[in-house]
1. Looking at segment 59-218, what % of its DSSP beta bridges pair antiparallel, to the nearest 5?
2. Looking at the chain only, what percent of DSSP beta bridges run antiparallel? Nearest 5 please.
3. In whole angstrom, and with the biggest value first, how far do the Cα coordinates of segment 230-278 range along each principal axis?
4. For segment 144-283, take the convex hull of the Cα atoms, compute a quarter of its surface area, and give me that in nm², please.
5. Length gain on complete extension for the stretch Asn93 to Thr25, per 0.36 nm per residue less the alpha carbon to alpha carbon distance?
6. In percent, what relative contact order does the chain have, based on Cα pairs under 8 Å that are 6 or more apart in sequence?
7. DSSP H helices in the chain with Cα extent of 15 Å or more along the helix axis and mean Kyte-Doolittle hydropathy at least -1.0?
8. What residues qualify as long-range amide H neighbours of Val120, i.e. H under 5 Å apart, gap of 5 or more or another chain, H built at 1.01 Å from N?
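Nothing in this text is a laboratory measurement; each read-out follows from the coordinates by a stated rule. Source: prediction; values computed, not measured.
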Amino acid sequence: MSGLVLGIDAGNTKTIALIADTSGTVLGWGRAGRSNIYVQRVRALAALDTAATRARASARLDSRPFAALTLSAAGADWPEDFDMLKTELRRRNWAGQVSVVNDAVGALRAGSLAGRGVTVVCGTSAGIAACSPGGVVWHTSYWQEPEGATQLAEHALRAVYRADLGIDPPTKLTAPVLAYFGCPDVEALLHSFTRRGRRPPSHLGRLARVLLDQADAGDPASLRIVREHGASLGDYALAAARKVRLDGTYLLTTSGGVMRHRSPILREALLARVRREHPQVRWQASHHEPVFGAVLLALEAAGVPVDEQVFRRLEQTCPDEALFLT
């Protein structure tokens, strides 16, 4: 199928596959569970299979290979990761040309028509990628220290514990955090996380919304956590820019569930840190999922020039946002 490409985003919470033609029109899509080879390799590969199979079924296509395939994957960090994933994809004979990138690189390509500059992704976890005008690419991978929603939730819990002990001043986080976990007091909350036989809380990262809400309402403890986290993300964005030798006039895009929260405090702290060194940096929110970038990269690998018409067509024909909700 020389006129079709396949883009897959394999993430920590879901796997999405999109099939598009050379005009940028999306013809089919599929979704499966999480796909991170560092978590569970067998299940990660099975999720790729499921998402691709469902995308083919959605587009009513047979099993003939596509012109090109790009996989944007969480867990694609080191050379051996890329080699293993490429080997698995080639074994499946899904496409004539196969490429694998880190999911932050997919998000970077999705962020703008040119796909250059720096992107900061902050969702369940976090990742940063940069690409120079000459096409040099770097992503933070295991260099990344400030993470996403789960880490922010852990910071919120720590603030509640310290306030209850009187080490730090009282915080307005306490009441909504107790309500979130259905605990009568802070000791019961701590017990629920540390008792023998406990089960890890599901979706801990959702507590990040509570933290961002309280920061937006002016709670000092919440403001401190969110601003420090944003500044730390800014440090790593600057590091990514240095790695590909970007000057101070590049585009910085942001994406991910945490970045989409209505409060601008995290983003403002990030931008303030970046603009201390690069005051001319431009910012825009990315409105596209990383799989959008995977499709663009697959189109480029197939020799399709990605101009504004192709970019807009892909935007117009992408599935409803319900496909991407986590």
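1. So the antiparallel bridges amount to about 55 percent of the total.
2. Here the antiparallel bridges make up roughly 50 percent for the chain.
3. 32, 18, 17
4. 9.4 nm²
5. 22.2 nm is the gain from fully extending Asn93 to Thr25.
6. Once divided by the residue count of the chain, the mean separation gives 22 percent.
7. 41-59, 149-165, 220-243, 265-277, 290-301
8. It is Thr253, Thr254, Ser255, by chain and number.
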